[in-house]
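All remarks here apply to the structure that follows.
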Amino acid sequence: MAILIIAEHDNQSLKGATLNTVTAANCIGGELHVLVMGHHCQKAAEQAARVAGVAKVRVADAEHYEHALAENLAPLVVRVADEYTHLLAPATTAGKNLMPRVAALLDVAQVSEIVAVESADTFVRPIYAGNVLATVRSGDRVKVITVRGTGFEAAASQGGAAPIESIQPAARTNTSRFVSRQLTESARPELSAARRVISGGRGMGSAENFKLLEAIADKLGAAVGASRAAVDAGYVPNDYQVGQTGKVIAPELYIAVGISGAIQHLAGMKESKVIVAINKDEEAPIFQIADYGLVGDLFQVLPEFSHALDQLKPA
Amino acid sequence: MKVLVPVKRVVDANVKVRVKTDGSGVDIANVKLSINPFDEIAVEEAVRLKEAGVATEVVAVSCGVAGCQETLRTAMAIGADRGTLVETEAELQPLAVAKLLQALVARDKVKLVVLGKQAIDDDANQVGQMLAALLDWPQATFASKVAVAGDTATVVREIDGGLETLELKLPAVITVDLRLNTPRYATLPNIMKAKKKPLESLTPEALGVDVRPRLATLRMAEPPKRQAGIKVASAAELVDKLKNEAKVI
């Protein structure tokens, strides 16, 4: 069996999500290849080659691959697909955008966001906002799969020494054009990968008030997240959203501040190792899944919490 | 320009579903069913395109059991001009739905398909992209802004790191995300009007599509429940527990 992993990268480096996908591939078993499609992406390819367990890296470098347009990438994946039994990609917005297009071109089903592998043809995936886990089996000749990062540990990023093979890019298509990107710049850890996250909800009241969370995030080395309500209200940009249709994360520590705990938000964080909830409404559903709940006014609690953290510093 | 809006009838977003005790499926008997929230946003966007003079007709389509007619009437109450029901009792998976839509796009000479990015029941997030592939049309997924001028759709997409803007040449497929718009409430007069709008019913066989599922669901289960937690009385106590008990700080 041979498995092709579509790398998530920004041409300069491999994204962490790729490592979780490598682990999922290892659970399936077989020879692992990584496909890097990009522009001036040699560095990303070299990082992929160092990942433990990868047998080969295949690189397609072309100007029209720079911005990962699905119309351009899909034909190349389809061209190499018959060499593989499984095609995997991380369930990031890039992977979710690309893989169904690949699956349909191959006339096969896609299994979205697997969280576990039972065998080479049987996978577990969340449905109904993660309230149900479905075990599904695919009879298709090639399995097209997206992998939810929180379901698998990251593979070691060092230890491998795979050969890197250049492959011919597929032809450029002309029905879509990349115009621009606006990415959130932050010195904080990336939300999907952070070990600690502090998230704000509607209760924060304003964009300005998110500074209270940022200050605590800095003390904890944490990322800042948000509920849908906070994003809709314009307090933070969309990429902060944690939830069923935002980011699904599972940090060691998740602190939910002023978040009521709707089903859809829980879907994005209920696998966190330790959950803390701070909310003035003691009936808020978030308290049902919190390991530690503090009923109180967040504007009083946050400064006290920050102060208590300061007291922790070693003398 | 004709716009096709696929709409799915799903368990209402506020319902917490339960798995049947034998693990064979989810218990949806007597559970409230509603239009998939993302598809409702898609209908609203298509109707706005019509109001802006960009779309000439908005056709809603739903695939599944007869009850999907309710979802089509909801779409028509928002402003879709007519509805198509592809009626079947069969389990429909995304690839099959994409093929049904492909057949309708050809039949109705549709130039733009706008649909929700995912259904909140299966959370698959596949139909739009699969349809675009089958039609060899460009796709823009997770749209938070759509502008159509002449033959071009300019779409702002929500991606993991922020926002991205793409330009697509029509015909195209756009899947919509939460923040694209806030759907209007269907007024009572519009609900009444919707009852009179045309609703046709077809079968997958009539469209020449094999809808057999490709994935077999072996079992369903609820994830392990979290242990109940405790309430703490103060921030100081919280920090103490996080450090000394949970050991996460």
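The three principal axes of the C-alpha atoms in the range A:247-315 carry coordinate ranges of 41, 25, 18 Å, sorted with the longest axis first. Counted by Cβ distance under 9 Å from A:Gly258, the other residues give a net charge of +2, where Lys and Arg count +1 and Asp and Glu count -1.
Between amide H atoms placed 1.01 Å from N, distances below 5 Å from A:Ile114 occur with A:Thr146, A:Val147, A:Arg148, all of them 5 or more places distant or on a separate chain.
Loop by DSSP (not H, G, I, E, B), at most 14 other beta-carbon atoms within 10 Å: where is the longest site-free stretch of chain A for GluC sites (Glu not before Pro)?
Values: sites that count: A:Glu153, A:Glu185, A:Glu208, A:Glu282, A:Glu283.
That gives A:1-152 as the longest site-free run.
Site pair B:Val31 and A:Lys43 shows an inter-label distance of 4.8 nm when each label is modelled 7 Å from Cα along Cα→Cβ. Counting neighbouring Cβ atoms within 10 Å and putting the fewest first, the residues B:Ile191, B:Ile249, A:Ile3, A:Ile289 line up as B:Ile191, B:Ile249, A:Ile289, A:Ile3.
So which trypsin sites (Lys or Arg not before Pro) in the range B:67-102 are both in a DSSP loop and have at most 11 other Cβ atoms within 10 Å of their Cβ?
Numbers: sites: B:Arg73, B:Arg82, B:Lys99; in loops: none.
Passing sites in the range B:67-102 do not exist.
Taking every residue in A:67-75 and counting other chain Cβ atoms within 10 Å of its Cβ, the average works out to 3. In this entry, the range B:129-215 is assigned a mean projected area of 9.2 nm², taken as a quarter of its C-alpha convex hull surface.
With respect to chain B, whose longest principal axis is taken over its alpha-carbon atoms, helix B:94-108 is tilted by about 20°. Remark: chain A is approximated by an ellipsoid whose semi-axes, taken from the C-alpha gyration tensor as √(5λ), come to 38, 21, 18 Å, largest first. As a proxy for reagent exposure, A:Ile164, A:Ile127 were ordered by neighbouring Cβ count within 10 angstrom, fewest first; the result is A:Ile164, A:Ile127. The Cα atoms of the range B:1-157 cover 54, 30, 29 Å along the three principal axes, with the biggest extent listed first.
Over 12 Å, how big is the tail of the calculated P(r) for the range A:30-86, in percent of all Cα pairs? Please list the in-between numbers first.
Details: 1056 of 1596 pairs.
The proportion of pairs with Cα distances above 12 Å equals 66 percent.
Convex hull volume of the Cα atoms in the range A:89-185, per residue, in Å³?
Values: hull volume 20.1 nm³, N = 97.
Here the figure is 207 Å³ per residue.
The smallest convex shape that holds all Cα atoms of the range B:23-104, its convex hull, gives 112 Å³ per residue.
Mind ordering A:136-143, B:176-183 by average Cβ neighbours within 10 Å, highest first? Mind dumping the intermediate values first?
Working: A:136-143: 18.4, B:176-183: 21.1.
By packing density, highest mean first, the sequence is B:176-183, A:136-143.
Can you give the charge dipole size of the range A:263-315 about its Cα centre, rounded to the nearest 20 debye, using +1 on the beta carbon of Lys and Arg and -1 on the beta carbon of Asp and Glu?
Numbers: 4 positive and 8 negative charges, 48 e Å.
Taking the Cα centre of the range A:263-315 as origin, the dipole is about 220 debye.
Applying the Karplus relation 6.51 cos²θ - 1.76 cosθ + 1.60 with θ = phi - 60° to the range A:219-233 yields 3J(HN,Hα) values of 5, 9, x, 9, 8, 10, x, 7, 8, 4, 4, 5, 6, 4, 6 Hz, where x marks Gly and Pro. Other protein chain C-beta atoms within 10 Å of residue C-beta, averaged over A:119-127: 3. Remark on A:Val59: its backbone amide H falls under 5 Å from those of A:Val36, A:Glu165, A:Ser166, A:Ile167, a criterion applied only to residues 5 or more positions apart or on other chains, H modelled at 1.01 Å from N.
Taking a temperature of 4 °C and a viscosity of 1.567 mPa s, what whole-number D in µm²/s does Stokes-Einstein yield for the protein assembly as shown with Rh from Kirkwood over alpha carbon pairs? Each step should come with its number before you reach the end.
Details: Rh = 24.3 Å.
Value of D from the Cα-based Kirkwood radius: 53 µm²/s.
Computed over neighbours whose Cβ is under 10 Å from that of B:Thr56, the net charge equals +1, Lys and Arg +1, Asp and Glu -1. Comparing Cα centroids, the range B:197-240 and the range A:203-244 end up 26 angstrom apart.
With a sphere of radius 15 Å drawn around the Cβ of A:Val59, what net charge do the other residues whose Cβ falls strictly inside it have (Lys, Arg +1; Asp, Glu -1)?
So the surrounding residues net to -2.
Taking the longest Cα principal axis of chain B as reference, the axis of helix B:68-78 is set at about 80 degrees. Rg/Rh, computed from the Cα trace of the range A:1-152 with Rh as the Kirkwood radius, has the value 0.94. Return the calculated 222 nm mean residue ellipticity for chain B, to the nearest 500 deg cm²/dmol, obtained by summing -39500 (n - 2.57) across DSSP H runs with n ≥ 4 and dividing by the residue count. Taking each H run of at least 4 residues, the total per residue is -8000 deg cm²/dmol. Where is the GNM fluctuation largest for chain B (alpha-carbon springs, 10 angstrom cutoff): B:Lys32, B:Lys16, B:Lys196? Per the Cα network of chain B with a 10 Å cutoff, B:Lys16 tops the list. Placing a label point 7 Å from the Cα of B:Lys169 along the Cα-to-Cβ line, the residues of the range A:59-95 whose backbone N sits under 20 Å from it are A:63-76. How far is helix A:298-311 tilted, in degrees, relative to the longest principal axis of the Cα atoms in chain A, given as a value from 0 to 90 rounded to the nearest 10? With rounding to tens, the tilt is 80 degrees. Put in order of Cβ neighbour count within 10 Å, fewest first, the listed residues B:Arg212, A:Arg50 become B:Arg212, A:Arg50. For the range B:1-154, lysine pairs separated by 8 or more sequence positions, or belonging to different chains, with Cα-Cα distances below 22 Å total 27. Assuming R0 = 35 Å, can you tell me the calculated FRET efficiency for the pair B:Glu222 and A:Asp281, based on Cβ-Cβ distance, to the nearest 0.05? Once rounded, the FRET efficiency stands at 0.85.
Take each residue of peptide B:150-161, count the partner chain Cβ atoms within 10 Å of its Cβ, and average: the result is 5.
Comparing B:Ala186, B:Ala55, A:Phe152 along the charge dipole axis of the protein assembly as shown, the residue lying farthest to the positive side is B:Ala186, per the Cβ-charge model. Per residue, the convex hull spanned by the alpha carbons of the range B:152-196 comes to 115 Å³.
All of the numbers you see were taken from the coordinates with simple rules; none came from a lab. Since this is a predicted model, take the numbers as computed values, not measurements. Positions of Cβ are backbone-derived with ideal geometry, glycine not excepted, and every protein chain shown enters the neighbour counts.
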